[in-house]
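Structure, as structure tokens:
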Amino acid sequence: CIIGFFFLCRPGDFVETTSISLSRPFRFGDVQFLVQQRWYAGPVVPLEALAAARSATLRYNNQKNGIRGQGITMGATGDPHICPVRTLERRVRHLREHNAPVDTPIYMFWDYSFATPQGKVYSVHVTHALRLGAAALFSPLGIEPHEISCRSLRPGGATAMLCARID
């Protein structure tokens, strides 16, 4: 959810989908971190340096406009949980702990007792989590849970940036 929201992703960018999509998921090798004025790719960033990362980038391999290699960079929020940099740090640590190849989609996960991938995060999982959150916050916000889906993260993130006056 955090990756989709902050990086303004389409569902096919950060989770597995069952629908046909022109998007290709971000892969382990598409993640980069800025650590002390130097950019590192996720598969090779020194693990001891990750905590010092202040920015993270997801590089697009396949964009709707056909331009490859462009990316979106986000800075650290300072929150240990709701932060695009810390979230990608956790993903990279997980993928590295399991010796994931660079072309592994970032939504793959392993059970710590197994050496092979145990599953994928699907858009329905994200939709379910968002609807649980909306139900818990219905009283103060008045947002109907059935109106929210995984696809809500992209416009929601853009609206949040607009409201915060971020270019």
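The values are calculated or read from the model by the stated rules, or taken from the named source; none is laboratory data. Quantities reported herein were computed from a predicted structural model and do not represent experimental measurements. Cβ coordinates were reconstructed from backbone atoms using ideal geometry, including for glycine residues, and neighbour counts include every protein chain displayed. With ligands, DNA and RNA removed, areas are computed over all heavy atoms of the protein, side chains included. Shrake-Rupley method; radii C 1.70, N 1.55, O 1.52, S 1.80 Å.
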5 Å is the cut-off here: which amide hydrogens, built 1.01 Å from N in the peptide plane, fall below it relative to THR77, excluding neighbours closer than 5 in sequence? VAL85, ARG86
Can you work out D for region 28-167 in µm² s⁻¹ from Stokes-Einstein, where Rh is the Kirkwood radius over C-alpha pairs, the temperature is 20 °C and the viscosity is 1.002 mPa s? 126 µm²/s
Counting only helical runs of four or more DSSP H residues, what would the 222 nm mean residue ellipticity of the chain come to if each run contributes -39,500 (n - 2.57) and the total is spread over all its residues? -8500 deg cm²/dmol
Could you give the nm distance between label points at ARG165 and VAL44, where each point is 7 Å from its Cα heading toward the beta carbon? 4.1 nm
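About its Cα centre, how strong a charge dipole does the chain have in debye, to the nearest 20, once Lys and Arg get +1 and Asp and Glu get -1 at the Cβ?
360 debye
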Starting from the amide H of GLY42, placed 1.01 Å from N in the peptide plane, find each other amide H under 5 Å away whose residue is 5 or more places distant or on another chain. VAL31, GLN32, PHE33
Taking the full set of protein chains and a 1.4 angstrom probe, give the accessible area of CYS1 in square angstrom, rounded to the nearest 10. 60 Å²
Let me check something: with ligands and nucleic acids excluded, how do ASP167, ASP111 order by accessible area (1.4 Å probe), largest to smallest? ASP167, ASP111
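Express in nm, to one decimal, how much length is gained between GLU147 and ALA135 on full extension, taking 0.36 nm for each residue of separation and deducting their alpha carbon distance.
Residue separation times 0.36 nm, minus the Cα-Cα distance, leaves 3.2 nm.
What order do LEU162, LEU132 take when sorted by accessible area (1.4 Å probe), most exposed first? Intermediate results must be reported in sequence, preceding the final value.
Working: LEU162 130, LEU132 105 Å².
Of LEU162, LEU132, the descending order of accessible area is LEU162, LEU132.
Classify region 1-49 from the C-alpha gyration tensor, please: rounded if a/c falls under 1.5, else prolate or oblate depending on whether a/b exceeds b/c.
prolate
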